[in-house]
Amino acid sequence: MNLTKLLIGSDAVYNGKDPDIRFITHKLDETADGALFVCIRGAHADGHDFAQSALQKGAAAVVCERDLGIAEQVIVPNSRAALSLLSCAFYGHPSQKMVLIGVTGTNGKTTTACYIRNILEQAGRQSVLIGTLGADSGNGTELTDYTTPEAVVFNRKLQEGLRRGCEYAVAEISSQALSQDRCAGLDFDVAVFTNLSPEHLDYHQSMEEYAQQKAKLFACTEAAAVNKDDEYASLILSHCKGRTVTFSLQDDADLTAKNVKCTADGVSYILVSREGIERIHIPALGIIAVYNSMAAVAACMAAGIDFEDACAYVCHVDAVEGRLQKAETQAPFSVFVDYAHTPAALYESLYAVRQITEGNVIVVFGCGGNRDRSKRPRMGEIASSLADITVLTNDNPRSEDPQHILADIAAGFNSKKELVICADRHKAIETALQKAQPGDSVLIAGKGHEKTQHTANGEVFFDDAAVVREYFTVKHA
């Protein structure tokens, strides 16, 4: 696509030649002949410093926020927003040609997005799925750097989906993506709000700022599905411009869950709406499964799926990897792998496991390094109140001293229950499994589906579920 055509309708200033743009990137190591290099100012580096290097590597032009004295420069007010807007244009604005559903919130985004996609697929609506587990346009999952990938990847996956006949797309939308304009130019039809609890406060500084970033998504959609039980629901609803479908465990909502029962086989409840009453059973644990399934039904209704059909399909959704996923073992106790890495998520997961466990609940978890320290003691307190045995270990320590992280978590541990500190995550999981007795449950929390661990020495392979499988394979060999 010629550069001048790509810039039509933008507020960019460009007076150079009209080269053919083969692809768009903000990464110098990806830059090659025909690239449009976008200079992004990051926390640790400024892409403007690499503009000349990008041209030397073959870039046809660079997008920047200031005059760099380069003939092939496109000057824009905001290069982050420009990266997204140009990506939309380069791929032919695919979000305008399909129903795009954005799911945001602190916890439950991945499960809710997967449930929505599953319902749509059962209804015969082919769909793209983009989120924490990767980007899937129907030809396999491509792992991405972020929950909400950069706009180039996002739009490329939408375009791939269109070619495959996808009518819908479901995407997890993070607060960072919204604050960084990664979603600029995307045409969302439905926005979904799961919940909000303290997270990313090292980035957003306050819950109010965090909530305001989330609310941006709802100001530009035609319809919304909102968890009315969350304390930030009124803020989210105040930003909604179109039709809303609210859901709740209380009475004052469009969808209300009644007679909720949580067992080892999953959750069941009666879903009441103006369209009718349906019985729901989800093979997932805890009250969070009720909220996630209601959110999925509400979102699908907002997207045009019949209430009765959405309810029937949600009862047949697939389990989501690393979300209170039960490990298949021959042990006389249960083992669960879960992504819970926030205080609220850890509480919900432990509470769900506690409800179905006759014996002791044993939890293994840690906290990420170089991230919000304030949540660490709170998670220690939650573990000490709901688990019988806690094994503290590394999560993703990154460059922070693991012992400092563990000490921060242990500071919140306020009971006489058993506490074990073992920085080596592999040994920590083995320790928990060795302590388990018949009737107990072991919850391995924090990493879920992740297959790597970020340490001071770099990124290494690590898979909680694989450690569990290895333990039982060796034990029973």
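The values are calculated or read from the model by the stated rules, or taken from the named source; none is laboratory data. Not measured: the values here are computed from a predicted model. Note that each Cβ is placed from the backbone with ideal geometry, even for glycine, and that neighbours are counted across all protein chains shown. Keep in mind that these areas ignore ligands, DNA and RNA; they rest on the heavy atoms of the full protein, side chains included. Shrake-Rupley method; radii C 1.70, N 1.55, O 1.52, S 1.80 Å.
The table below gives the values:
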| item | result |
| --- | --- |
| Hydrodynamic radius of region 9-142 per Kirkwood, over alpha carbon pairs, in Å | 17.0 Å |
| Whole-percent carbon and sulfur share, accessible surface of the chain, 1.4 Å | 47 percent |
| Residue-count net charge about A465 - beta-carbon cut-off 13 Å; Lys, Arg +1, Asp, Glu -1 | -1 |
| Inter-label distance, nm, simple model (7 Å from Cα along the C-beta direction), L237/I8 | 4.3 nm |
| Ratio Rg/Rh, restricted to region 402-477 and using Cα atoms, in which Rh is the Kirkwood radius | 0.98 |
| Under-5 Å amide H pairs with V245, H placed in peptide plane, nonlocal only | A224, A225, V226 |
| E459 - accessible surface, heavy atoms, 1.4 Å probe, Å² rounded to 10 | 120 Å² |
| ³J(HN,Hα) computed for each position of region 333-338 - Karplus, 6.51 cos²θ - 1.76 cosθ + 1.60, integer Hz, glycine/proline x | 9, 9, 10, 10, 10, 9 |
| Mean Cβ neighbour count within 10 Å, used as a protection proxy, ranking 275-286, 38-49, 77-88 highest first | 77-88, 275-286, 38-49 |
| Kirkwood hydrodynamic radius (C-alpha pairs) into Stokes-Einstein, region 347-387, 37 °C and 0.692 mPa s, D in µm²/s | 294 µm²/s |
| Long-range HN-HN contacts of V99 with modeled amide H, under 5 Å | Y168, A169 |
| Mean separation of Cα contacts under 8 Å, 6 or more apart, over the residue count of the chain: relative contact order % | 10 percent |
| Residues whose placed amide H lies under 5 Å from that of T144, excluding near-sequence neighbours | G134, A135 |
| Solvent exposure of region 418-459 as accessible area per residue, Å², 1.4 Å probe | 43 Å² |
| From phi via Karplus (6.51, -1.76, 1.60), per-residue ³J(HN,Hα) for region 312-323 in Hz, x at Gly/Pro | 5, 6, 5, 6, 10, 6, 7, 5, 9, 4, x, 10 |
| In region 155-188, GluC sites (Glu not before Pro) in a DSSP loop with at most 16 other beta-carbon atoms within 10 Å | E167 |
| Degrees, to the nearest 10: 464-475 long Cα axis against longest axis of the chain | 40 degrees |
| Solvent-accessible area per residue for region 54-102 (1.4 angstrom probe, square angstrom) | 37 Å² |
| Charge tally in the Cβ shell below 15 Å around D229, where Lys, Arg are +1 and Asp, Glu are -1, D229 excluded | -4 |
| Residues of region 172-234: accessible area per residue with a 1.4 Å probe, Å² | 33 Å² |
| Values of log10 I(q)/I(0), in the order q = 0.16, 0.28, 0.32 Å⁻¹, for region 261-304 under a Debye, Cα-only, solvent-free model | -0.42, -1.01, -1.15 |
| HN-Hα J in Hz across region 45-61 - Karplus 6.51, -1.76, 1.60, θ = phi - 60°, x for Gly and Pro | 8, 10, x, 4, 6, 10, 4, 5, 5, 5, 5, 5, 7, x, 4, 6, 6 |
| Surface/4 of the Cα convex hull for region 54-95, nm² | 3.4 nm² |
| DSSP-loop chymotrypsin sites (Phe, Trp or Tyr not before Pro) across region 1-77, with at most 12 other Cβ within 10 angstrom | none |
| Mean projected area (nm²) of the alpha-carbon convex hull when the chain is viewed from all directions | 23.2 nm² |
| Degrees, to the nearest 10: 109-122 long Cα axis against longest axis of the chain | 80 degrees |
| Nearest-0.05 FRET efficiency for D265 and E30, computed from C-beta distance (R0 41 Å) | 0.30 |
| Theoretical FRET efficiency, 1/(1+(r/R0)^6), r = Cβ-Cβ of S374 and A466, R0 35 Å, to 0.05 | 0.65 |
| Highest-first arrangement of 294-305, 410-421, 59-70, 123-134, where packing means the average Cβ count within 10 Å | 294-305, 123-134, 59-70, 410-421 |
